[in-house]
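Remarks on the structure that follows.
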DNA sequence: ACCTGAACACCGTTCAAGT
DNA sequence: ACCTGAACACCGTTCAAGT
């Protein structure tokens with residue numbers, strides 16, 4: 001099978017999944033393909049172009065909202081999709097955000113999100129909704145993927161126990177760790193959905209419609 | 001003046017402000033201090049420790065909410081402070097989030113935020129508020145600092161003009177660029193505050209209090 | 001105790017050479 | 001047309017040597 005841009009990007013994604021973004025070098029990606037580093041330059045102009053491709057590879061997996069379905073359901077599906085994709089590729093968010101020019105897949109994704117919002121919101125309000133949803137999702141995922149453990153697997157209490165010893169002089173954090181996280185009452189998924197619903201509720205007040213499409 | 005951990009971190013911040021995080025190397029930081037690279041190792045154990053110090057240097061500048069003032073005013077001040085600090089040091093957010101163990105300054109900041117929220121919310125609701133505010137602020141700043149231009153200086157229309165040509169097949173983004181951004185009606189600061197207020201309004205409904213401390 | 005220079009194993013990338 | 005090896009200017013870091 002000959003080398004190609006697509007194969008190189010897929011190989012880079014595998015290397016990043018395995019060892020983090022820092023482990024992606026022209027030499028490690030080449031090794032993944034049983035080829036010399038210099039061979040890659042015949043298919044990608046340089047490492048920056050490879051990273052652009054990697055960002056696009058991630059964005060292509062984001063769910064694109066449809067316009068013939070209720071906006072709230074679509075925004076929820078979209079939010080969960082981003083969280084899922086970026087959780088399984090923790091390097092993805094940094095990759096997407098650090099590229100100075102958005103790739104095609106990301107632009108198409110954003111266009112689809114905006115299209116769904118425009119089915120119920122006037123332009124300016126749709127822009128507000130777009131901005132707040134994007135910020136919330138990215139921000140939540142940003143902290144989640146950088147946690148020193150894998151969330152969503154019941155490790156919340158372990159984390160709390162790890163952290164408590166260092167919490168002299170931090171009374172409120174200590175309280176949260178002992179009374180909430182250590183008791184198993186805390187779940188990142190529930191937290192994500194609660195925040196999302198608060199935002200969607202706030203937005204819905206500006207549609208003039210009733211709360212017909214709630215998700216909970 | 002002798003070398004010290006603090007001087008090294010301050011020099012690293014200057015290098016990062018000037019040339020981005022990628023330009024921070026043991027050799028460039030040493031040169032900033034007119035010293036050899038190896039001298040740094042007598043004051044920081046390795047580059048990772050230097051980056052930990054850099055993250056702490058940023059977090060130390062975040063405004064810490066007080067408990068004897070209204071929570072809404074404090075949360076707004078805190079949000080604006082984070083945006084201001086992270087805008088003037090665009091490498092700061094990535095720095096803070098990529099450290100696997102939070103530094104002391106960041107923990108103290110978080111403790112202060114939680115303390116303010118606990119003056120009006122029960123623990124679980126305070127945790128929700130903490131999570132959603134952090135996610136929103138980080139997410140908004142994340143996209144803002146990675147824009148290919150400096151926002152808040154009226155460059156919004158320039159951006160729109162740059163982007164429009166490539167927008168074949170992206171009808172909704174094109175519409176937003178031409179009808180909203182290019183007309184000068186769009187402002188990142190206004191957008192940030194609108195989203196923040198929507199979230200604070202949503203949270204306020206859970207305090208049982210009236211909207212007495214509004215900021216607009 | 002603090003600073004340094006050479007050295008080692010890595011980077012991204014250029015260039016001339018192979019097929 | 002595609003792949004390669006040597007080379008260059010960089011990295012972080014170790015270690016022995018200087019003061």
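Numerical summary
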item: Calculated label separations, residue B:49, copies of the chain, 7 Å along the beta-carbon direction, nm; result: 4.2
item: Range of Cα positions in chain B per principal axis (Å), largest first; result: 56, 51, 26
item: Average other protein chain Cβ within 10 Å of Cβ, residues B:192-199; result: 5
item: Kirkwood-type radius of region A:5-45, with distances r between different C-alpha atoms, in Å; result: 9.9 Å
item: Partner chain coverage, peptide B:137-147 - average Cβ within 10 angstrom; result: 6
item: Closest approach to the axis - chain A beta-carbon, rotation onto B, Å; result: A:139, 1
item: Sorted largest first, extent of region B:69-125 alpha carbons per principal axis (Å); result: 34, 23, 16
item: Cα-based convex hull volume of region A:1-75 per residue, rounded to whole Å³; result: 122 Å³
item: Percent of C-alpha pairs per 20 Å bin, the protein assembly as shown, short to long; result: 23, 58, 19, 0
item: Inter-chain Cβ neighbour average for residues B:173-180, partner chain, 10 Å; result: 4
item: Whole-number percent relative contact order across chain A, with pairs defined as alpha carbons under 8 Å at least 6 apart; result: 17 percent
item: MRE, 222 nm, helices only [DSSP H, n ≥ 4, -39500 (n - 2.57), over chain A, to nearest 500]; result: -18500 deg cm²/dmol
item: 7 Å along Cα→Cβ, label-point gaps from residue B:34 to other copies, nm, shortest first; result: 5.7
item: Label distances, nm, residue B:201 versus same residue in remaining copies, Cβ-directed 7 Å point; result: 1.3
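Read-outs throughout are calculated quantities, based only on the coordinates presented, and are distinct from any laboratory measurement. All figures in this text were calculated on a predicted structure; none of them were measured in a lab. Cβ coordinates were reconstructed from backbone atoms using ideal geometry, including for glycine residues, and neighbour counts include every protein chain displayed.
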